[in-house]
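A short worksheet on the structure shown next.
The values are calculated or read from the model by the stated rules, or taken from the named source; none is laboratory data. Small disclaimer: the values here were computed from a predicted structure and weren't measured. Counting neighbours? That spans all protein chains shown, and the Cβs are built from the backbone with ideal geometry, glycine included. Ligands, DNA and RNA are stripped out before the accessible areas are found, and what is left, the full protein with its side chains, is counted by its heavy atoms. Shrake-Rupley method; radii C 1.70, N 1.55, O 1.52, S 1.80 Å.
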Amino acid sequence: MRSILSMPYGRTRLGPVKAGGTSDETSYGTPGGASATPAGPVAPTAPSRSAASARLRRALGTLIGCATALLGVAHLLLAGAALGPFLLWPATRPHALRPLMAGARRLTALERSRRSAFFGDRFPDHYTASDRKILRYLAARSHAGLLCGVVIGLLGFGAALAALLLRSLAQGTLPWDELLMQCLLGGVLLFLDLQGLYSLAAFDARLARACFGPSERELLRRRIDELATSRAAVVHAVDAERRRIERDLHDGIQQRLVALGMLLGRARRGRDRDPQQAETLLRQAHRESRELLTELREVAWRVYPAALDSLGLEEALGGVAARCAIPVRTEFETGGRALPPPVATAAYFVVSESVTNAAKHSGASAVAVRVVRSGGVLTVRIEDDGSGGADPAGSGLGGLRSRVAALDGSLHIDSPPGGPTTVTAELPCA
């Protein structure tokens with residue numbers, strides 16, 4: 001079961017939010033994989049130009065981040081100095097926080113635009129960070145940006161020293177032992193400088209994800225709420241299913257048993273007086289017993305189909321199609337791989353409930369069922385040509401949604417007036 005905590009923001013997915021950006025991978029060679037030896041300089045391929053453009057764009061975004069960090073430091077220092085006394089007094093604190101947060105939110109929006117424009121990050125539009133989170137982000141981002149500017153300055157200073165070193169080497173005024181020592185020291189400092197830039201860039205990305213999207217604590221709290229909701233929905237669905245089974249037993253099978261007993265009683269009492277009528281009652285009782293057995297088998301299948309354990313999901317769905325009063329066309333494509341039992345059970349009940357609704361309530365003349373496993377997701381799609389208008393909040397479809405949600409799946413119902421009705425369930429198999 002996939003955890004929501006494993007889906008960070010930025011260049012990853014969260015529900016419908018997708019990441020942008022350009023890949024850093026570079027392709028070399030000629031198109032189509034053919035080798036060639038051109039006479040002149042080889043023009044860079046499109047992927048290499050794209051990767052070079054992405055690196056240049058991120059470098060420019062890092063430099064602009066150093067400038068915006070200066071704005072953040074200036075705002076915190078100036079606003080803090082001007083509003084500090086009012087922030088300490090509880091009576092004036094709300095009024096002093098208003099201009100402080102107005103500037104902080106503008107600077108934070110600027111940082112968000114910088115991350116989106118130069119680094120290709122995408123963040124959820126509906127999320128609004130708290131005032132405390134924004135101030136914490138602005139303070140950390142300002143210090144990190146200033147430190148990044150210092151590291152870039154040291155890198156430029158090292159480049160200038162390297163140029164002077166090359167000049168001295170060209171003039172022949174630099175001894176070889178001193179050249180070796182300078183190269184060794186310069187290589188170590190260059191490595192540390194580049195590592196510092198890489199770490200600061202990663203820290204900047206983590207800060208943006210923490211401010212412009214829910215934190216891990218908020219995601220965990222949301223996940224706990226979802227699990228509590230799905231658990232309550234599952235309990236409600238189980239209770240509703242039990243009540244339906246009790247109603248089927250009481251109103252259907254019990255009534256048929258009473259009728260069967262009355263027929264047998266009348267046949268026994270009239271056996272001596274009117275043997276022909278007794279024979280007719282016995283034939284009627286025999287027919288009633290067969291119908292009773294069929295209904296009892298249907299109720300047992302609604303509780304749990306035994307064919308799922310013995311024959312698998314495909315054969316169990318074949319039983320659903322055989323018992324349905326209208327034609328059901330079934331396509332089953334799972335690549336021969338076994339499905340987890342909870343997934344197979346949920347898929348079976350989605351198909352069974354949808355087919356039953358189509359046969360009883362929609363006036364459909366045919367139903368198409370398609371079960372496909374692609375990667376780690378099992379997709380179940382049921383479409384009928386009925387009149388539509390199915391209520392997604394009804395007890396049957398609501399129970400299916402709760403059953404699917406308990407497996408971290410999703411259920412989509414499209415049933416416009418006039419039809420057709422399409423029920424699509426996506427169930428994770430991992």
Name the residue that is nearest to residue 62 (Cα to Cα), counting only residues in the range 92-128 that are in contact with a His (Cβ under 8 Å, 6 or more places away or on another chain) and of a type in the set (Gly, Ala, Ser).
104
With the condition kept exactly as written, say whether any residue in the range 367-384 is at pLDDT below 85, out of contact with any Cys (no Cβ under 7 Å at 6 or more places or on another chain) and open to solvent by less than 40 Å² (accessible area, probe 1.4 Å).
no
Could you say which residue among 267, 278, 285 is buried (at least 16 other Cβ atoms within 10 Å of the Cβ), of a type in the set (A, V, I, L, M) and touching a residue at least 24 places away in the same chain (Cβ under 8 Å)?
285
Output yes when any residue across the range 33-45 is modelled with pLDDT of 50 or more and out of contact with any Leu (no Cβ under 7 Å at 6 or more places or on another chain), and no when none is.
yes
Failed item, numbered, when residue 162 is tested on (1) touching a residue at least 24 places away in the same chain (Cβ under 8 Å); (2) in a helix (DSSP H, G or I); (3) under 38 Å from the mean Cα position of the chain (by Cα)
(3)
Restricting to the range 196-219, give me the number of residues that are open to solvent by 90 Å² or more (accessible area, probe 1.4 Å) and at pLDDT 80 or above.
2
Hey, among the residues in the range 334-366 that are among the small types (Gly, Ala, Ser) and in contact with a Lys or Arg (Cβ under 9 Å, 6 or more places away or on another chain), which one's most open to solvent (accessible area, probe 1.4 Å)?
335
Filter result (open to solvent by less than 50 Å² (accessible area, probe 1.4 Å) and either among the aromatic types (Phe, Trp, Tyr) or at pLDDT below 75 (or both)) within the range 220-233:
230, 233
Which number in (1) among the charged types (D, E, K, R); (2) free of Cβ contacts under 8 Å to residues at least 12 places away in the same chain; (3) touching a helix residue (DSSP H, G or I) at 6+ places or on another chain (Cβ under 8 Å) marks the one condition that residue 133 misses?
(2)
As an exercise: evaluate residue 174 against (1) touching a residue at least 12 places away in the same chain (Cβ under 8 Å); (2) among the aliphatic types (A, V, I, L, M); (3) open to solvent by less than 80 Å² (accessible area, probe 1.4 Å) and give the number of the one condition it does not meet.
(1)
Has the range 320-331 got at least one residue that is open to solvent by less than 20 Å² (accessible area, probe 1.4 Å), out of contact with any Asp or Glu (no Cβ under 7 Å at 6 or more places or on another chain) and closer than 22 Å to residue 421 by Cα?
yes
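A quick yes/no check of all residues on (1) loosely packed, with under 14 Cβ neighbours inside 10 Å; (2) within 35 Å of the chain's Cα centre (by Cα); (3) acidic (Asp, Glu):
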residue: 53; (1), (2), (3): yes, yes, no
residue: 67; (1), (2), (3): yes, no, no
residue: 75; (1), (2), (3): no, no, no
residue: 84; (1), (2), (3): yes, no, no
residue: 90; (1), (2), (3): yes, no, no
residue: 94; (1), (2), (3): yes, no, no
residue: 98; (1), (2), (3): yes, no, no
residue: 105; (1), (2), (3): no, yes, no
residue: 125; (1), (2), (3): yes, yes, yes
Quickly run through the range 108-123 and pick out the residues that are in a helix (DSSP H, G or I) and open to solvent by 30 Å² or more (accessible area, probe 1.4 Å).
109, 110, 112, 113, 116, 117, 118
